[in-house]
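Asks: The structure follows.
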Amino acid sequence: MSFFQQIVEAFLIKLLGGTLRKYQRITKKILAQLPKYQKMSDDELKAQTDVFRQQLAAGVDLMALMVPAYAVVVEADTRVLGMTPYDTQILGAVAMQYGNVAEMRTGEGKTLMATMPMYLNGLSGPGNFLITANEYLANRDARQMGRVYSWLGLTIMAGTSENGEDDDDRDKSAIYAADVVYTTNSALGFDYLIDNLAATQADKYIQPFHFALLDEIDAVLLDMAQMPLIISGAPRVQSNLYQMSDDAIQLLTEDEDFERSEDTKKVWFTPQGIDFLAHFFAVSKLLDKTESDLYRHLVLALKAHYLYTRNRDYVVEDGEVSLLDVTNGRKLPGMKLESGLHQAIEAKEHVKITPETRAMASITYQNLFRMFPHLCGMTGTAKTDAEEFRETYNLDVVVIPTHKPMIRTDKPDKLFVTTEEKVYASLDIVQAAHKKRQPVLLETGSVSMSNLYSRVLLQAGIPHNLLNARSAAKEAQIVAEAGQPGAITVATSMAGRGTDIRLGKGVDEVGGLLVLGTERMNSERVDNQLRGRAGRQGHPGKSVFYVSLEDRILVEHAPKWVARYRRKAARKEKDSDTPRVLHKRRFRYLLHKTQMSAQNQERSGRFQTLQFDEVFRVQRESIYNTRNRIMQMDADDLDQIIEELLTTAVDAYVAKRSEHNADEVADFVINHIDYGFAIHRLIAEREVTYSHSALRQYLEKLVITQFKLQHKQVPSPTQFAYFERLALLKSLDNAWIEQVDSLQQLKGIVTDRSRGQRDPIYEYQKEARRSFRTMRADFALRAMTLLLLSQLQINPKDGTVEVVYP
Ligand code: ADP
Ligand code: MG
């Protein structure tokens, strides 16, 4: 760090310290107001909501209401839930209202803390969301905390369906009209995308976004940042290229035909590999534009084989490939990888290849939440990534002190040579804990490792619960029991996040919960999340990580000498059965350093996603704005924009070629403007070539005439406007869907190194802008076709318009 940076850093710390003091002062004011509300009757207290709402209507700023509104909630929480928020909870709530991330330890009561800002923002009407990590938590918290909002006269809804219910059964208009909504990031994201595919204003439910409070904010904004939500539609034509590419890839040799990056996150062909494949498929130039489809499939097959591992990244069950969330081993229902990769994995696993669907709409969580004018969050673990929160989301992390002092002990890591030694050493301490009936939470890095630990425990005759993600509700139930005397729980990382682990009787006396991590994850933050399971609310507890040189993080990210050391040590005969613990100096910082490098890589990956997504975000916003404008246009506006579009479509066609002969023109007319045979014949008979200006004049007149004819078919202006609106939306959506889909594919292609592009992001943005311009012409042409070639008829019985689309 340079001297200058140090000064800046010191200044920031001072500044933040200053803001914390400011929040503390406000907290004091809130506490000072409490007696006033404590004296009120229930009805008087409830009536405060109206008082606040009137003030808001009179132009008072929401922030100005924070002190009295928070005091009202503190009292309402007490009366309705029987829990009075602690000073620390009020402090955190204040920090969140100021748009910060409140870092508050697990078990300190973030759920209750959220009632304050949610109520305050709910006063301003719909558009306020509390985002939780899963549906189970959204429903649980909506039910429990919802009582307070309803009691105070706000409307509150859970935005997700309960387990097992169909998502489509949700009453979206009621959900999004509520003042406060408890939901998940994916439910909100998908609803947002669907809302922007709505055909009419009446089918739109989502109200303007106002405020979002993200529970476990690091899980949503960091861990899931790179997984885009994608709505898929009509399948594209199926190709057998998947199978052929899969076969070809198996003939290649690593480091000769292809190479992998050190972190094993990227893979690319070498020139030798390209030559071999070109020869194999008997094409002259594999990197030519003409072979791009084949090439795309080869890249996908290569990735499927060398970047994706069965039972770590995905599972194969009943002939189906399901993705796993690497951080917790949970299945990700409905999630698909980048277009085609899923199919490539299916080819690799020899299961039936599902139709490759078209991406119709897509958004990343990063961009979903950046749309909120007011964003804040809470979590037990944010400080380690404070810089990223600030840079990407303009959020500062404020650390809230614990209500009672924390007395958990965090032991240094124990490093073993092999996985086997690690597993047996882990078994020893589990056994020791079990003997004194101390509960143990043992966490693993993957589903397969948790199965392995479960088998080992079974052999040793230790009863335990194996948690591997059947459903969030079931998981929560098991995790909640993990603090009972003698309980042994084996879980994948992050399982049951958001569930409180209460300690059973006598557990304090034997040292509280023992958290045993069996692998370091790619970020310190995730490890802290695990440690945080123990020692909640001032209880004792202990955390330790047992790791080995064969752990994924070391294999993928450690410096080269570690691999050499590992190979040598593995060859060496072991003198005894005692697991070898490594504590030479060189190992002391190994894990820390390796983790830092893994962490940095993940971070830059997220920045890259954000950069990729930026141009896409701008385009999506512009399309969605256009959509909304179209929906709100009156008949005159519509006529005007349509005339402009018709001209655009004609101009684009005319500009395509330097000369047009009559046949071509006839073709164009019959496909997009008029089925009328008279015109067709007329043009076909005149065997002339048209100059640009003559053709433009002729076609522009023709389209306007045709449009007027269509107008005459439907005398009612509202009915015709309805037809116009639908035709425009349909054309815009279809043109946009093409763009979304091609950008999805483009991303896969530009990031591929064998193409030799220096700056994939620059290439992507350039191409994305270019295709957006063509998309406009495409939209105009589609609109023209629908508007002019649809057959419109009035039903004589009820006067409705019947439309037959071309
Ligand atoms: P976190 O989300 O911070 O991990 P939770 O919101 O799950 O913690 O709360 C942990 C437990 O603490 C819950 O059982 C909750 O009922 C209890 N709790 C929270 N705040 C209070 C309070 N002010 N008074 C009494 N109990 C509380
Ligand atoms: Mg919580």
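Asks: Rank-order 432-442, 376-386 by packing density, defined as the average count of other C-beta atoms within 10 Å over each peptide's residues, highest first. Walk me through the intermediate numbers first.
Replies: On the way: 432-442: 20.1, 376-386: 24.0.
So the order, starting with the most tightly packed, is 376-386, 432-442.
Asks: Taking H placed 1.01 Å from N in the peptide plane, check which residues at least 5 places from residue 356 or on another chain put their amide H under 5 Å from its amide H.
Replies: Hits under the 5 Å cutoff: 236.
Asks: Okay, next question. Quick one: work out the % antiparallel among DSSP beta bridges in the chain, nearest 5. Provide the component values of the computation, followed by the final result.
Replies: On the way: 21 of 69 bridges.
Once the DSSP bridges in the chain are tallied, antiparallel ones form about 30 percent.
Asks: Among 744, 412, 423, which residue has its Cα positioned farthest towards the positive end of the charge dipole of the chain, with +1 placed on the Cβ of Lys and Arg, -1 on the Cβ of Asp and Glu, and the dipole taken about the Cα centre?
Replies: 412
Asks: Now for a separate question. For the chain, with only Lys/Arg (+1) and Asp/Glu (-1) charged at the beta-carbon, what is the dipole magnitude about the Cα centre, in debye rounded to 20? If you can, show how the numbers build up before the last one.
Replies: Values: 100 positive and 105 negative charges, 689 e Å.
Roughly 3300 debye for the chain.
Asks: Rounded, prolate or oblate, given the Cα gyration tensor of segment 514-623, with a/c below 1.5 counting as rounded?
Replies: Working: a/c = 3.62, a/b = 1.57, b/c = 2.31.
Judged from the Cα gyration tensor, segment 514-623 comes out oblate (a/c at least 1.5, b/c at or above a/b).
Asks: I need the shape label for segment 45-118. Rule: rounded when a/c is under 1.5, else prolate if a/b > b/c, else oblate, with a, b, c from the alpha carbon gyration tensor.
Replies: It is oblate, given that a/c is not under 1.5 and a/b is not larger than b/c.
Asks: Return one number: the angle in degrees, 0 to 90 and rounded to the nearest 10, between the long axis of the Cα atoms of helix 560-571 and the longest principal axis of the Cα atoms of the chain.
Replies: Long axis of 560-571 versus the principal axis of the chain: about 60 degrees.
Asks: Still on this structure, please answer the following. Decide, for the chain, between rounded, prolate and oblate: order the square roots of the alpha carbon gyration tensor eigenvalues as a ≥ b ≥ c, take rounded if a/c falls under 1.5, and otherwise choose prolate if a/b is larger than b/c, else oblate.
Replies: Numbers: a/c = 2.34, a/b = 1.33, b/c = 1.76.
It comes out oblate by the Cα gyration axes.
Asks: Can you return the aspartates and glutamates within cross-link range of residue 172? Criterion is Cα-Cα under 12 Å, with same-chain partners fewer than 8 residues away left out.
Replies: Within the straight-line limit of under 12 Å, residue 172 reaches these aspartates and glutamates: 191, 195, 203.
Asks: Counting only helical runs of four or more DSSP H residues, what would the 222 nm mean residue ellipticity of the chain come to if each run contributes -39,500 (n - 2.57) and the total is spread over all its residues? Before the final figure, lay out the partial values.
Replies: On the way: 29 runs with 416 residues, N = 806.
Here the helix-only value at 222 nm equals -16500 deg cm²/dmol.
Asks: Exceeding 18 Å between C-alpha atoms, which entries from my cross-link table qualify? They are 411/435; 265/747; 435/542; 414/436; 110/474. Provide the component values of the computation, followed by the final result.
Replies: Numbers: 411/435 20 Å; 265/747 15 Å; 435/542 16 Å; 414/436 22 Å; 110/474 22 Å.
Checking Cα-Cα distances, 411/435; 414/436; 110/474 exceed 18 Å.
Taken together, the values in this text are just the output of simple stated rules run on the coordinates, not laboratory data. All values reported here derive from a predicted model rather than from experimental measurement. Backbone-built Cβ (ideal geometry, glycine too); neighbour counts: all protein chains shown.
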